[in-house]
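The values are calculated or read from the model by the stated rules, or taken from the named source; none is laboratory data. Just so we're clear, the structure is a prediction, and the values are computed from it rather than from any experiment. Side chains included, ligands, DNA and RNA excluded: accessible areas come from the protein's heavy atoms. Shrake-Rupley method; radii C 1.70, N 1.55, O 1.52, S 1.80 Å.
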Amino acid sequence: MAGVASVLVGVTVALWLAFGPPRDWEGGMRWLRHGLALGSLGVIVFAARLMFPESREGTADTVSD
């Protein structure tokens, strides 16, 4: 549940940054916009790890020939 909610928040912020009012942000606010974009990408990656946790049970330690 938390993973799906985080993905929705990340995508919503990314879409707002792409199509929303921050287009006229200049100067220091432009850096804030870039930081928010990277942050939303990080939230999406984190949410993907919440939804699909890495498990070592399914991986083999040796390479099959």
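Annotations
- Subset of the range 14-39 that is open to solvent by 100 Å² or more (accessible area, probe 1.4 Å) and aromatic (Phe, Trp, Tyr) - its residue that is nearest to Leu50 (Cα to Cα): Trp16
- Residue ID - modelled with the lowest pLDDT, chosen from residues in the range 1-13 that are open to solvent by 40 Å² or more (accessible area, probe 1.4 Å) and of a type in the set (Gly, Ala, Ser): Ala2
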